[in-house]
Amino acid sequence: MRIALTAAFLSLVAMPALAADVTGTWMTPTDEGVVEITACGNSVCGKLVSSDDIKKNPALTDAKNADASLRSRPLKGLTMLSGFSGSGGSWSGGKIYNPDDGKTYTATLTLKGDNTLEVRGCVFVPLCETQTWTRAK
């Protein structure tokens, strides 16, 4: 009996831990934004799927982008999150683009449960803003 329990325990220890899954569709707390996060190679990225403004005008462009040559690109489908690496519920090293001000910030993503994502964007630490996104059902 002792050998069987030891073998069962060792098999559980040898199994890789399941990584928390950040991929999916997320609702932002402002403007009824919807962002789809997917795997992009060894990292995760996210694109803007919808918002109040996009619903009103599907042809809306990235008019506030700091780079004038990018101001005519559509907001719908725009990559907002890029370059995040990590696992186990925490991703860092990425960037988040804010179409409201046309700027890109360093960012981290932290799962706070299966359906809650903490998104933290920083000009530089400690000048950061954190939003809580909710997984779309």
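Structure above, values below:
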read-out: Inter-label distance for R73 and D21, nm, one decimal - labels placed 7 Å from Cα along Cα-to-Cβ; value: 2.9
read-out: For region 67-81, Karplus couplings with θ = phi - 60° (6.51, -1.76, 1.60), whole Hz, Gly/Pro x; value: 9, 4, 6, 9, 5, 8, 6, x, 6, 5, x, 5, 6, 9, 10
read-out: Probe 1.4 Å, protein heavy atoms only - accessible area per residue of the chain in square angstrom; value: 62
read-out: Mean residue ellipticity (222 nm) of the chain, computed from DSSP H runs ≥ 4 via -39,500 (n - 2.57), nearest 500; value: -3500 deg cm²/dmol
read-out: Residue-span extension gain [T134 to K112] - 0.36 nm each, minus C-alpha spacing; value: 6.9 nm
read-out: Among 128-136, 113-121, the order from most to least packed when residues are scored by Cβ within 10 Å on average; value: 113-121, 128-136
read-out: Relative counts (whole %) of C-alpha pair distances in region 38-131, using bins that are 5 Å wide; value: 3, 13, 21, 23, 19, 14, 6, 1
read-out: Length gained when the stretch T38-S87 is fully extended (0.36 nm per residue, less Cα-Cα span); value: 16.3 nm
read-out: Computed over region 24-76, the ratio Rg/Rh where both radii use C-alpha atoms and Rh is Kirkwood; value: 1.02
read-out: Most positive-pole-ward Cα, G77, T106, S43, against dipole of region 40-137 from beta carbon charges; value: G77
read-out: Spatially proximal lysines relative to K95 (Cα-Cα < 20 Å; intrachain offsets below 8 disregarded); value: K47, K64, K76, K103, K112
read-out: Lys, Arg +1 and Asp, Glu -1 on Cβ, resulting dipole of the chain about Cα centre, debye, nearest 20; value: 240
read-out: Area accessible to solvent at K76, 1.4 Å probe radius, in Å²; value: 120
read-out: For q = 0.12, 0.16, 0.17, 0.22 Å⁻¹, Debye-computed log10 I/I(0) when each Cα of region 45-99 counts as one equal scatterer; value: -0.33, -0.54, -0.60, -0.84
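The values are calculated or read from the model by the stated rules, or taken from the named source; none is laboratory data. These numbers were taken from a predicted model, which means no experiment stands behind them. Counting neighbours? That spans all protein chains shown, and the Cβs are built from the backbone with ideal geometry, glycine included. All accessible areas refer to the heavy atoms of the entire protein, side chains included, with ligands and DNA or RNA removed. Shrake-Rupley method; radii C 1.70, N 1.55, O 1.52, S 1.80 Å.
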